[in-house]
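The values are calculated or read from the model by the stated rules, or taken from the named source; none is laboratory data. This structure is a prediction, so every number in the text was calculated from the model and none was measured. All Cβ positions, even for glycine, are placed from backbone atoms using ideal geometry, and neighbour counts span all protein chains on display. The protein model used for the area step is the full one, side chains on, heavy atoms only, and it has no ligands, DNA or RNA in it. Shrake-Rupley method; radii C 1.70, N 1.55, O 1.52, S 1.80 Å.
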Amino acid sequence: QVQLVESGGGLAQPGGSLRLSCAASGIRIGDGDSAVLWYRQSPGKARESVASMSSSGARGYSTPVEGRFTISRDNDKNMVYLQMNNLISEDTGVYYCAVHRARPGRPADQYWGQGTQVTVSS
């Protein structure tokens, strides 16, 4: 059974930093063509992708977080991270870790964590 468990959320002040971690089990994130992603769902908004990292190491970010967030992965430790700097109130939300594993000829398998709350407030 695949499990993704996020940690590291909490309360941060504007301008502060948090580092989210995601521990994967039941799946090796370094195997196959597996992208790792972080999504967030802010109050009153739909879930959106904020950062992604392909199996080859290519990174992508949404415009609101570009230059402030950094996604990384440690395939040996089966971990995914999101370093969030210079936090603003709009970063408040529930952050979800995801692994998308490409499958030839069909949609990718998607695995999701339960989420961790991030609140940015003074």
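General remarks:
- Across segment 14-101, counting alpha-carbon atoms alone, Rg and Dmax equal 12.8, 39 Å.
- The figure for residue 47 is an accessible area of roughly 100 square angstrom, using a 1.4 Å probe on the protein chains alone.
- The listed residues 66, 6 rank as 66, 6 when sorted by accessible area, largest first, using a 1.4 Å probe.
- For segment 4-64, the calculated P(r), taken from all Cα-Cα distances in 10 Å bins from zero up to the bin holding the longest distance, is 17, 45, 31, 6 percent.
- Set of segment 59-75 residues, backbone N closer than 15 Å to the point 7 Å along the Cα-Cβ line of residue 31: 75
- Estimated dipole of segment 11-58 in Debye, rounded to 20 [Cβ of Lys and Arg +1, of Asp and Glu -1, Cα centre]: 220
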